[in-house]
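Please read the structure below before turning to the comments.
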Amino acid sequence: MLKNKIIVTFFGLGIVLLFVSALVGSIGLPGSQGPLIIRFDKFAHEANLIGDFRTVFGFGATVSFIVLVNFLLALEIYYRERFLSYIIAAATLIISLLFLIAVSGIVAIN
């Protein structure tokens, strides 16, 4: 599987997006240890979900674990179901991209 350029590219881009998300989160969030707005409702003009740095980086740890499990799963089933490995790799890239969008949104709100 590690010689397949498509799968390696998808997982590599997913990991790069995770690092970019961590970089955006660590640089863009304020340095204080106060509460962070995770979700803001525009229509009601109020914050619906408030967390802290541990919440945001807890999301990152969860997504990192998902990427690791998907990589191990794709590695395990590659020789039996190659197409399913492609789907898992593409889904990993999409999950990493969605996490980057979420972190960027949290940074933009705060």
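Using Cβ point charges alone (K and R +1, D and E -1), the dipole size of the chain about the Cα centre works out to roughly 360 debye.
Against the chain, whose longest principal axis comes from its Cα atoms, helix 5-28 is set at around 10 degrees.
Restricting segment 31-102 to GluC sites (Glu not before Pro) that sit in a DSSP loop and have at most 14 other Cβ atoms within 10 Å of their own Cβ leaves GLU81.
From the residues ILE101, SER21, ASN4, which one has its Cα farthest along the dipole of the chain in the positive direction, the dipole being from +1 and -1 charges on Cβ of Lys/Arg and Asp/Glu about the Cα centre? Of the listed residues, the answer is ASN4. For ILE50, nonlocal amide neighbours, meaning residues 5 or more places apart or on other chains whose placed amide H falls under 5 Å from its own, are ILE38.
Each of PHE43, PHE59 was scored by other Cβ atoms within 10 Å of its Cβ. Listed from fewest to most, they are PHE43, PHE59.
When the convex hull of its Cα atoms is viewed from all sides, the chain shows a mean projected area of 7.5 nm². Mind checking the angle between helix 53-77 and the chain's longest principal axis? C-alpha axes, 0 to 90 degrees, to the nearest 10. On a 0 to 90 degree scale, this one is about 10. Between the Cα long axis of helix 82-109 and the first principal axis of the chain there is an angle of about 10°, rounded to the nearest 10.
Each reported figure results from applying straightforward, stated rules to the coordinates on display, with no laboratory input. Keep in mind the model is a prediction, meaning the values are calculated, not measured. All Cβ positions, even for glycine, are placed from backbone atoms using ideal geometry, and neighbour counts span all protein chains on display.
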